[in-house]
Amino acid sequence: MSLMLVAPFCGPALIARAEAHPEASITDFGAVPDAATVNTRAIQAAIDHLAAGGGGTVVVPPGVFVSGALFFKPKVNLHLQAGGVLRCSTDMSHFPVQRTRIEGHFEAKFNPALINAKHCHGLQITGEGTLDGAGRPIWDLFWKLRQAAPNPRNFPNLAVPRARLAFIENSRGVRIEGITFKDSQFWNLHLYNCDGVLVRHTRFQVPDDYKQAPSTDGIDIDSSRHVTIDGCFFSVTDDCIAAKGSKGPLAMEDRSSPPVEHIHVRNCVYKRGGGVFTIGSEATIVRDVVVENCRIIGHVRVATLKLRPDTPQHYENITFRNITSEATAGPILSVQPWSQYFNLHGEAPPKSVVRNLSLIGIKGHFSSFGTIRPNPGQTEISNVLLKNFNVVLQEDKLAASGVRNLKFEDVIVNGKPQSA
């Protein structure tokens, strides 16, 4: 990794010029668009200046601005103009470890994101520009260390320092619109304990030529409520949208992880990724989710519900409606045990519930019908409805076991009616 220069903080004259405007360009505070200088100090100065004056919008003009971790404050927004790129440094000293929410808990030592916002009600991140994680060297390092580990499958995701692109926590009335999240080192957009979020016309992508960019989830809805995702594009190599919460046998007692509920996903396009909507891997209560009017143009699953045998889970009132595959997508359903990082911590195996799962109006080509299978003796699965299907499948039988009240209504598979 190359040595980078650090931009200075410019003097009072430029501050005075910015004070006359509700917007502040980061170049007025000394940021340099040379794709090399680390501009953290200059950009943070713009944020702090606007916050001190009662708020405003930090503007990223055209050019590539490298930065470390930035910490937004209430009433300060971010606007990325067309051609404006805010790029993560790959020198992780610019993302010093701190206590942060990650993978279902607060960890004492993990990296912050590029954009961090806490208690920033009404936050807006808008424009036609790009948040760029510059992830390729970080991904390469992850795979190198994972392959050298004694048990690669259980190599911890947090073993390699890396930054999310945006972490928004404890905030209400958030809007993210128009921008591109690109090549994130870790999760792209992490929403924790937020209420009332709109993510609209936003892109989440990694390079088509990178087979598996690790942990590049598009949007992680962690313990959040009233989230709408509208007209977005996903081409990642992990979960496109994931509902997350806590984990472990005592997860239901975790007051820092309220339910994920009242989620609406609509009009989105999926090219690459683990699934149109995924629940887990760490999650407890997820309910009242509607995913509708979406298109799949690559090998992507529709519904993925990960059943952790070490975590009590309650998934209910989950609806997928009017999902069309325009390519040969992945399986339609994956509701089954997930035990990669299994740990009961000496407790008894917990009980879980999946109920009122509906898939209605599914059309196009898929690799298989998929699987519904509980953790034996732990998961109660009931009231699963598959309705108005017209699909072409390479594997045409649903592998279903341990399900009570599984219904097929007007399900056509490879031109023939199919029943439960």
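Being closer than 16 Å to Thr379 by Cα and in a strand (DSSP E or B) is true for just one of Glu326, Glu316. Which residue is that?
Glu316
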Failed item in (1) open to solvent by 20 Å² or more (accessible area, probe 1.4 Å); (2) among the basic types (Lys, Arg); (3) closer than 27 Å to Ile285 by Cα, with Arg164 passing the rest: (1)
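Taking the residues in segment 208-234 that are open to solvent by 30 Å² or more (accessible area, probe 1.4 Å) and of a type outside the set (Val, Ile, Thr) as candidates, determine which candidate is nearest to Leu131 (Cα to Cα).
Pass one, segment 208-234, residues open to solvent by 30 Å² or more (accessible area, probe 1.4 Å): 208-209, 211-212, 225-226, 228, 233.
So of that shortlist, the ones also of a type outside the set (Val, Ile, Thr) come out as 208-209, 211-212, 225-226, 233.
Values: Asp208: 18, Asp209: 20, Lys211: 21, Gln212: 20, Arg225: 25, His226: 24, Phe233: 15 Å.
So the residue we want is Phe233.
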Number of the condition not met by Gly346 [criteria: (1) closer than 24 Å to Arg295 by Cα; (2) modelled with pLDDT under 95; (3) exposed (fewer than 13 other Cβ atoms within 10 Å of the Cβ)]: (1)
Hits in segment 262-303 (condition: in a loop (DSSP other than H, G, I, E, B), of a type in the set (D, E, K, R) and modelled with pLDDT of 95 or more): Arg301
Unmet requirement for Glu128, which otherwise passes all of (1) open to solvent by 70 Å² or more (accessible area, probe 1.4 Å); (2) over 21 Å from Pro33 (Cβ atoms): (2)
Selected residue (only one of Gly55, Gly84 is surrounded by fewer than 18 Cβ atoms within 10 Å (Cβ to Cβ) and of a type outside the set (Lys, Arg)): Gly55
Candidate set: segment 235-268, residues that are under 20 Å from Glu326 (Cα atoms) and among the β-branched types (Val, Ile, Thr); chosen: the one surrounded by the fewest Cβ atoms within 10 Å (Cβ to Cβ): Thr237
First in segment 387-406 and over 17 Å from Thr324 (Cβ atoms) and without any contact (Cβ under 8 Å) to a residue 24 or more places away in the chain, second anywhere and surrounded by 14 or more Cβ atoms within 10 Å (Cβ to Cβ) and not hydroxyl-bearing (Ser, Thr, Tyr), Cβ under 8 Å, 6 or more apart: Asn405/Asn383; Asn405/Val384
Strands (runs of 3 or more DSSP E) enclosed by segment 13-115 - at least 1 residues per element that are at positive phi: 34-38, 56-60, 63-67
Filter result for Val411 (modelled with pLDDT of 95 or more, crowded, with 18+ Cβ neighbours inside 10 Å, in a strand (DSSP E or B) and more than 28 Å from the chain's Cα centre (by Cα)): yes
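The values are calculated or read from the model by the stated rules, or taken from the named source; none is laboratory data. Keep in mind it's a predicted model, so treat the numbers as computed, not measured. Cβ: placed from backbone, ideal geometry, glycine included. Neighbour counts: every protein chain shown. For accessibility, only protein heavy atoms count, side chains too; no ligands or nucleic acids. Shrake-Rupley method; radii C 1.70, N 1.55, O 1.52, S 1.80 Å.
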